[in-house]
Amino acid sequence: MQLKYKSYWRKSGLKGKWGNIFLERLSKHNPKNVLEIGVFCGVTAKNTCEFLYKSNGNNFNYIGIDLFGGHQSEIKDEIEPTFLKDQKFSNPLKNLYYNFIIKENLNSIESVSKFLKSYKDNIRLIAGDTNKVLKEIDLKSIDFTFLDGGHSYQTVINDLTILYQSMKGQKKIILCDDYGKESFIPEVEKAINDFVKQNNLNLNLIENRFAEIIT
Ligand SMILES: C[S@@+](CC[C@H](N)C(=O)[O-])C[C@H]1O[C@@H](n2cnc3c(N)ncnc32)[C@H](O)[C@@H]1O
């Protein structure tokens, strides 16, 4: 299968070669049910659904969780990449189109739902802070998680702990962004290292960026 990550004239956390490297991880593990924590504008979500559709036909599920512009409930110290803070585009045409013509917030649940509408029967988008909502979701069928939501130590530990409760010993995949030096967030690295050590897990460093944990 040809793996080419498309950016769809939106914003994505996985620019340039990183989108294709992400798709290679999906291809290697060939999941049916994927969870993405941190959906942002839905570009990785759409690429993931396209991949899942090509591999499984309609027999797949995608769950995406994001604040979708809501306020983080109790966490005051969340670390956000600067490109998330407001909807600024380096391309002036994009700025004109999204901010002045259609006036669409690409990180809203309405915008992402519309963007993913061809997969509406296979997807579930959840608006909320993972520190609250993740424990309420049935994660048993999830084979592959892309962990790319809150970047504070507390949130990463919370998310990994809840995921691991449902996935322990089942050889499921948790691919974590912003671990290695190519996209380094110190709190993310520390949380992942502490978690892996406490649970005696192995971690693969992928292209000096992603940490891949097999449960
Ligand atoms: C780096 S972006 C995700 C990029 C996306 N995975 C992609 O490939 O384009 C991080 C996202 O996580 C969301 N986020 C931050 N803290 C969160 C939290 N505690 N719970 C849920 N989502 C959170 C933000 O709203 C933001 O959209």
Practice problem: Could you figure out which of (1) at pLDDT 95 or above; (2) β-branched (Val, Ile, Thr); (3) under 15 Å from Gly128 (Cα atoms) isn't true of Thr48? | Solution: (3)
Quiz item: Among the residues of segment 36-70 satisfying the criterion of being over 19 Å from Arg209 (Cα atoms), open to solvent by less than 10 Å² (accessible area, probe 1.4 Å) and assigned to a strand (DSSP E or B), which is farthest from the ligand (Cβ to nearest atom)?
Solution: Tyr62
Self-check item: Check on Gln87, part of a loop (DSSP other than H, G, I, E, B), away from the ligand (no atom under 12 Å from the Cβ) and at pLDDT below 95
Solution: no
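Would you say Lys6 is closer than 17 Å to Glu110 by Cα and assigned to a loop (DSSP other than H, G, I, E, B)?
So Lys6 does not fit the description; no.
Okay, residues lined up against (1) polar (S, T, N, Q); (2) under 30 Å from Gly57 (Cα atoms); (3) free of Cβ contacts under 8 Å to residues at least 60 places away in the same chain:
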position	(1), (2), (3)
Glu110	no, yes, yes
Lys114	no, yes, yes
Asn122	yes, yes, no
Thr145	yes, yes, no
Gly180	no, no, yes
Lys197	no, no, yes
Ile214	no, yes, yes
Practice problem: Look at segment 1-17 and say how many of its residues are at pLDDT 95 or above and under 13 Å from the mean Cα position of the chain (by Cα). | Solution: 1
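Give the residue, chosen from Asp194, Asp177, Asp129, that is under 18 Å from Leu14 (Cβ atoms) and at pLDDT 95 or above.
Just a single option satisfies the conditions, and that option is Asp177.
The values are calculated or read from the model by the stated rules, or taken from the named source; none is laboratory data. Predicted, not measured: the structure shown is a model, and the values here were computed from it. When we count neighbours, we look across all protein chains shown, and the Cβ atoms used for this are built from the backbone with ideal geometry, even at glycine. These area figures cover heavy atoms from the full protein model, side chains too; ligands, DNA and RNA do not enter into them. Shrake-Rupley method; radii C 1.70, N 1.55, O 1.52, S 1.80 Å.
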